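Asks: Okay, here's the structure, questions in a sec.
No lab work stands behind these numbers, since they all come straight from the coordinates. All figures in this text were calculated on a predicted structure; none of them were measured in a lab. Counting neighbours? That spans all protein chains shown, and the Cβs are built from the backbone with ideal geometry, glycine included.
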Amino acid sequence: MIRWGVLSTARIADRIVDGARGAENAEVTAVGSRDLARARAWADERGVAHAYGSYEELLASDEVDAIYIPLPNSLHVEWSVKALEAGKHVLSEKPLTRDPAQVDHAFDAADRAGRLLMEAFMWRFHPQTEEVVRLVRDGSIGELRVIRAAFGFNLPWMENVRWDPALEGGALMDVGCYCVSAARLIAGAEPERVSGEQVLGGGGVDARFTGLLRFPGDVLATFDCGMDVHRRNQLEVVGSEGTIFVPSPWQTPLGAKIVLTREEAEELSPESVDPYTRELEEFGRAVEGGPPPRLGRADALGQARTIEALYRAAESGAAVSL
Ligand SMILES: NC(=O)c1ccc[n+]([C@@H]2O[C@H](COP(=O)([O-])OP(=O)(O)OC[C@H]3O[C@@H](n4cnc5c(N)ncnc54)[C@H](OP(=O)(O)O)[C@@H]3O)[C@@H](O)[C@H]2O)c1
């Protein structure tokens with residue numbers, strides 16, 4: 001059993017609490033918050049044994065082996081490094097950072113401490129995602145040509161970490177990063193050149209972002225993401241001989257579904273499982289000496305380099321080569 005400590009009372013942490021309940025090797029044993037009363041209430045409501053009134057106390061606790069970090073984006077690396085230096089393994093929420101140098105800083109800390117660090121892209125752990133990759137690699141749609149992804153929702157401008165530039169909010173950081181993750185995964189490579197357009201909103205973050213990525217082998221990817229649009233989730237992979245469409249690629253509240261179209265459309269139903277459970281189980285097995293987690297330094301670097309280049313492209317109005 002890996003004993004998990006949750007660093008903050010973030011909304012998303014409930015997915016990890018639920019995920020751990022279904023996992024064979026994970027147990028949430030503690031929470032730390034900037035406010036002790038908040039930590040206690042959170043722990044009591046969820047049957048979590050230990051509550052601490054500061055993040056430092058959680059990191060010093062003997063009751064946890066690993067720390068889950070669902071802090072605002074700007075704090076992921078700082079607290080990942082502190083947790084690693086305290087001897088804990090770390091699962092940090094996405095995006096770990098938009099700065100490639102900070103990715104290295106965090107993974108260097110993990111190497112020095114002899115502990116594991118992973119960026120928590122739970123969608124990568126869903127069998128639906130694995131099936132899409134298998135179909136592409138098997139040549140089910142011929143030669144890979146185009147990847148199209150979208151992730152959007154409508155969040156009125158209010159006090160929320162997503163609208164705050166100081167906390168590194170923004171649509172690309174919050175949800176566009178999934179589209180970037182998908183394009184890189186399916187292309188099986190890093191982009192050579194990117195372009196981007198953004199519309200600012202809220203306190204000055206990107207409310208909407210569209211990106212274009214060119215990959216080796218003449219594979220193109222486009223995506224749009226937004227925090228001021230009607231809910232949109234989709235992934236389409238276009239090959240020379242067919243297409244793959246995933247109506248719910250990031251979260252699968254309605255169950256997993258893939259539409260594979262060659263001569264005719266065929267509906268595939270991958271196993272529906274909780275990706276948070278799978279994420280925790282795989283990480284836990286790696287902690288116990290199993291294979292390394294599927295998302296390591298190289299993937300986090302690819303993510304950060306691409307996100308950083310997309311922002312640079314949108315700010316300058318010119319394509320950016322990587
Ligand atoms: N993988 C996924 O499915 C998924 C889904 C949603 C979000 N996320 C990621 O998870 C992270 C948290 O998102 P969320 O929506 O859950 O955030 P949230 O509810 O706003 O929680 C963030 C927590 O961080 C702590 N915090 C520390 N400093 C803060 C500050 N200056 N301002 C605000 N909060 C501060 C607070 O906890 P205390 O007051 O207890 O200290 C707060 O509850 C983000 O990085 C986001 O991208 C991932």
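Asks: Could you size up the charge dipole of segment 103-186 around its Cα centre, putting +1 on the beta carbon of Lys and Arg and -1 on that of Asp and Glu, and report it in debye to the nearest 20?
Replies: 280 debye
Asks: When the gyration tensor of segment 1-104 is built from Cα positions, what are the square roots of 5 times its three eigenvalues, in whole Å, from largest to smallest? Walk me through the intermediate numbers first.
Replies: Details: eigenvalues 86, 42, 35 Å².
In descending order, the three semi-axes are 21, 15, 13 Å.
Asks: Here is a further query. Give me the number: length gained by fully extending Ala101 to Met158, i.e. 0.36 nm times residue separation minus the C-alpha to C-alpha distance, one decimal in nm.
Replies: 17.4 nm
Asks: Further question: Ignoring solvent entirely, what values of log10 I(q)/I(0) come out of the Debye formula for the chain at 0.11, 0.13, 0.15 Å⁻¹ when each Cα is a single scatterer?
Replies: The Debye formula, applied to the Cα set alone, gives -0.69, -0.97, -1.27.
Asks: What is the spin-label model distance, in nm, from Ser240 to Glu192 if the labels are put 7 Å beyond Cα along the C-beta direction?
Replies: According to this spin-label approximation, the distance is 1.7 nm.
Asks: Here is a follow-up. Residue separation times 0.36 nm, minus the C-alpha to C-alpha distance between Ser321 and Leu200: what's the value? Please list the in-between numbers first.
Replies: Values: separation 121, 0.36 × 121 = 43.56 nm, distance 2.34 nm.
Answer, rounded to one decimal: 41.2 nm.
Asks: Let me ask you something else. Subtracting the Cα-Cα distance from 0.36 nm times the residue separation, let me have the gained length for Ala60 to Ala41 in nm, one decimal.
Replies: Here the answer is 4.8 nm.
Asks: Still on this model: Can you give the FRET efficiency for Ala49 and Glu85, using 1/(1 + (r/R0)^6), R0 = 41 Å, r = Cβ-Cβ distance, to the nearest 0.05?
Replies: 0.95
Asks: Per residue of segment 270-286, in order, report the coupling 6.51 cos²θ - 1.76 cosθ + 1.60 (Karplus, θ = phi - 60°) as ³J(HN,Hα) in whole Hz, putting x for Gly and Pro.
Replies: Those phi angles translate into x, 3, 9, 10, 7, x, 5, 4, 5, 4, 5, 5, 5, 4, x, 5, 5 Hz.
Asks: Taking the radius of gyration and the Kirkwood hydrodynamic radius from Cα positions alone, what is the Rg/Rh ratio for segment 38-160, to two decimal places?
Replies: 1.07
Asks: Give me the base-10 log of I(q)/I(0) for segment 125-273 at each q in 0.09, 0.15, 0.18 Å⁻¹, Debye formula, one uniform scatterer per Cα, rounded to two decimals.
Replies: -0.29, -0.77, -1.02
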